1. Given the condition touching an Asp or Glu at 6+ places or on another chain (Cβ under 8 Å) and at pLDDT below 90, answer yes or no: does some residue in the range C:187-204 qualify?
2. When you scan the range C:149-162, how many residues do you find that are within 12 Å of chain A (Cβ to nearest Cβ) and either of a type in the set (S, T, N, Q) or over 16 Å from A:L69 (Cα atoms) (or both)?
3. Go through the range C:74-126 and count every residue that is over 27 Å from A:A73 (Cβ atoms) and either part of a helix (DSSP H, G or I) or open to solvent by less than 30 Å² (accessible area, probe 1.4 Å) (or both).
4. From B:L46, B:L5, which residue is open to solvent by 20 Å² or more (accessible area, probe 1.4 Å) and more than 10 Å from chain A (Cβ to nearest Cβ)?
5. Just to be sure I understand, how many residues within the range A:5-36 are farther than 20 Å from A:I61 by Cα and in contact with a Leu (Cβ under 8 Å, 6 or more places away or on another chain)?
6. When only residues in the range C:169-184 that are open to solvent by less than 30 Å² (accessible area, probe 1.4 Å) and out of contact with any helix residue (DSSP H, G or I) (no Cβ under 7 Å at 6 or more places or on another chain) count, which is nearest to C:L90 (Cα to Cα)?
7. Among the numbered conditions (1) in a helix (DSSP H, G or I); (2) more than 17 Å from the chain's Cα centre (by Cα); (3) more than 7 Å from every other protein chain (Cβ to nearest Cβ), tell me where B:L55 comes up short.
Amino acid sequence: MNLVVIFDALLIFSMLTLGWMSIFSLSLFRCIVFFVCLGLLAAIAWGQLGAFDVAIAEAAIGAGITGALLLAAWNRIRPHRTKAIEPNLTNAKTSQKDTKEHV
Amino acid sequence: MTSALFYSMAGLALFAIGFFGVVVASHVMRKILALNVMGVGIFMFLIALAKRNPLVVDPLPHALVLTGIVIAVAGTALALNLMVRIHHIDQSSQEQSK
Amino acid sequence: MFNKLDIEYDGPPVDKSALSLIASVLVAGLLLAVTITIVLSDKGHNTGLATVITQNIELSGVTNPVTAVLLNFRAYDTLLEIAVLLVVVLAILPTRDHHTPFFKRIEVNKQNLVLSALQCWIAPAVVIFAGYLLWAGAHQPGGAFQAGALLAGASVLLFQSDTYQINYTSPIARVLLVLSLGVFITIGTALIWFEGSLLTYPLAFSGLLILLIETCATVSITLALASLYSSFIANENLSITDNKHRTIE
């Protein structure tokens, strides 16, 4: 059992775990972050498989642009998003509530 | 059993996870994420099969996957736009009913 | 199942409908089993089309096999892909506005030091790196899609502050968006006259034509991906003003 096989096994295992977690995590924000991580790990896996063109494209598009799109869309649909803009007085209250909901 | 076969099976498993998520997930955004996970699984399967002979790397699936990544991000953007649009319509109709 | 959209994003992640659960597990398991048996029955002697591509690589005008496949052997795929990207951009373009210029720089009072430093230092470096990727795509990993994606990432960085704004429906932006498709189709159909069939490059000019198409494709892909990102931001500003109008009324 050499090191490359162990590396491959670890990579595949973490990709499968991240794939599951990027759909079934509790909060949507976590899902998006896990999906970006999945994209970066996929770029590593494709470098491992000798597809360097695709690895560059995946790191730039799959992780970068898709993550930005998903976060922008999430920002549009999340509840209480107007409260975050308001000044600090109410912010203390809402932030505590937000952390309860997000985590 | 080569590592490429190992990777291709991982791609299939990712596809299965994504398919399961598309059917089962409750929120539309989770469904979109699951579709993307399915896409990652398919790309992984194709790229792993391009290397099933350990000596030769077949560049044709690489080109197909490169095309597919761009199409996938375009489809994701369209789906997210529709989701945001539906959400706003939903919210304004709820405000009106109040 | 599809006719409702939960507004609460923090609801339970799984629908509690047992039937769809069982069905999806069955279908996914069946797919998995069938394809795994197919994959395992493969002996690994098959090289696919790799030998054909390496034999004909001199005819393509580039030495990177992926670029050769994308822009010469299967250029039709790339043409249709650019068309699909353009259709998506048309579907989600923000509001129509002919009068504001293509690129606008607004002085904002509150400056985020880290963000402006990133914009000043990272964005030009990304532009240079994208140019290198585009140029290197002929003989190394790289090419139009990677360069376009990098440039789009730089534009996402620029959009993080309100300083820079791009109007995607101004005449210049329209020309740039359809530039690659137009150039691609023009070259492809013009080659019918000279070579006899669609998208068959003449041997002497193939490298040059591929570079020309790739440069146009980079510009169009950059603008398209940037418009995909800023469609969310633009709609947001629009809906906020809508809400203001609604409260005033």
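1. There is at least one residue in the range C:187-204 that is touching an Asp or Glu at 6+ places or on another chain (Cβ under 8 Å) and at pLDDT below 90.
2. Number satisfying all stated conditions: 2.
3. Here the count works out to 11.
4. Checking each option against the conditions leaves just B:L5.
5. Result for the range A:5-36: 3.
6. Among those residues, the one meeting the criterion is C:T169.
7. (1)
Matching residues to (1) farther than 16 Å from B:M29 by Cβ; (2) more than 9 Å from chain C (Cβ to nearest Cβ):
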residue	(1), (2)
B:H62	yes, no
B:L66	yes, no
B:A79	no, yes
B:R85	no, no
B:E95	yes, no
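The values are calculated or read from the model by the stated rules, or taken from the named source; none is laboratory data. All values derive from a computational prediction rather than experimental measurement. Cβ coordinates were reconstructed from backbone atoms using ideal geometry, including for glycine residues, and neighbour counts include every protein chain displayed. Please note that ligands, DNA and RNA were not included when accessible areas were found on the heavy atoms of the full protein model with its side chains. Shrake-Rupley method; radii C 1.70, N 1.55, O 1.52, S 1.80 Å.
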